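The structure appears right after this line, and notes come after that.
Since every read-out is calculated from the coordinates, none of them should be taken as a lab result. These figures come from a predicted structure and were not determined experimentally. Here the Cβ is made from the backbone with ideal geometry for all residues, glycine too, and neighbour counts use every protein chain on show.
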Amino acid sequence: DQQVKQNSPSLSVQEGRISILNCDYTNSMFDYFLWYKKYPAEGPTFLISISSIKDKNEDGRFTVFLNKSAKHLSLHIVPSQPGDSAVYFCAAGTSGTYKYIFGTGTRLKVLA
Amino acid sequence: GAVVSQHPSRVICKSGTSVKIECRSLDFQATTMFWYRQFPKKSLMLMATSNEGSKATYEQGVEKDKFLINHASLTLSTLTVTSAHPEDSSFYICSAIRFEAFFGQGTRLTVV
């Protein structure tokens, strides 16, 4: 049973436009959510996180939105840059445990 | 961010042998580290929680006698894949906690 789902395996976006990556979760106990960026043969790099007490968190070009009622979160990257091309994983867990359940990832390709 | 280093980054071993993978937190102490495994085009799957000074906690379905975890110090956790078989070939990643989960660069294990 996949508790964290990323239904789009890939996404292509033109440079300068907005990239929107989506993630759905099923476990209502999750109260902490993260996005990681991963290059091939490397470990994930932390990007941004959000606690369930918020519905939006922004860090530079990256914004994460959380819709608790829909059990849905999204990552917005604007403007998208070619260097953003990577696989993006969303992860969810219970705050304080650091045990995260990862989605299957979305491969983002930003076209120059 | 904090630095977590994994060694080796790539290893090829013969079927039936054992392989040790190290995970070090370079600039901080980590009482808790996590070990993940990633299959091709799949999500990162949590294998176990490594606790400094005590036994590791394994996730359901992970053989603890197969994947030996030792967290001997506050900066080092090791994962030993015992009697490796080709189906153990995978990408293994560790994470260490310092306010957030920071990941190592991963270890590509190939069992031939």
Shielding of A:98-105 by partner chains, average beta-carbon count, 10 Å: 6
Burial order of peptide ranges A:98-109, A:49-60, B:82-93 (average beta-carbon count within 10 Å, highest first): A:98-109, B:82-93, A:49-60
Mean separation of Cα contacts under 8 Å (6+ apart) over length of chain A, as relative contact order %: 37 percent
Under Karplus coefficients 6.51, -1.76 and 1.60, residue-wise ³J(HN,Hα) of region B:84-97 in Hz, glycine/proline x: 5, 10, x, 6, 7, 4, 5, 9, 9, 10, 10, 9, 10, 9
Dipole-positive endmost among B:44, A:76, B:90 within the protein assembly as shown (Cβ charges, Cα centre): B:90
Residue-averaged beta-carbon neighbours from other chains (10 angstrom radius) around A:43-51: 5
Hz values of 3J(HN,Hα) by residue in region A:45-55 - Karplus curve (6.51, -1.76, 1.60), Gly and Pro given as x: 10, 4, 10, 6, 9, 8, 8, 5, 7, 10, 10
Student exercise, the protein assembly as shown dipole from Lys, Arg, Asp, Glu Cβ charges, in Debye to nearest 20: 340 debye
Mean shadow area of region A:1-71, taken as a quarter of the surface of its Cα convex hull (nm²): 6.0 nm²
DSSP bridge pairs, chain B: antiparallel proportion in percent, nearest 5: 90 percent
Dipole magnitude of region B:11-61 about its Cα centre (Cβ charges: Lys, Arg +1; Asp, Glu -1), debye to nearest 20: 320 debye
Karplus (6.51, -1.76, 1.60) ³J(HN,Hα), θ = phi - 60°, over region B:53-70, in Hz, Gly and Pro reported as x: x, 9, 6, 6, 10, 9, 6, 4, x, 9, 7, 6, 7, 8, 10, 7, 10, 10
Among the listed pairs A:54/A:109; B:42/B:66; A:37/B:41; A:5/B:64; A:38/B:64, those beyond 25 Å (Cα-Cα): A:54/A:109; A:5/B:64; A:38/B:64
Ratio of Rg to Rh over region A:41-112 (Cα coordinates, Kirkwood Rh, two decimals): 0.96
Kirkwood-based Rg to Rh ratio, the protein assembly as shown, C-alpha trace: 0.98
Cα-based equivalent ellipsoid, chain B: semi-axes from gyration tensor eigenvalues, Å: 22, 15, 13
Shielding by partners - mean other protein chain Cβ count within 10 Å, residues of B:89-102: 3
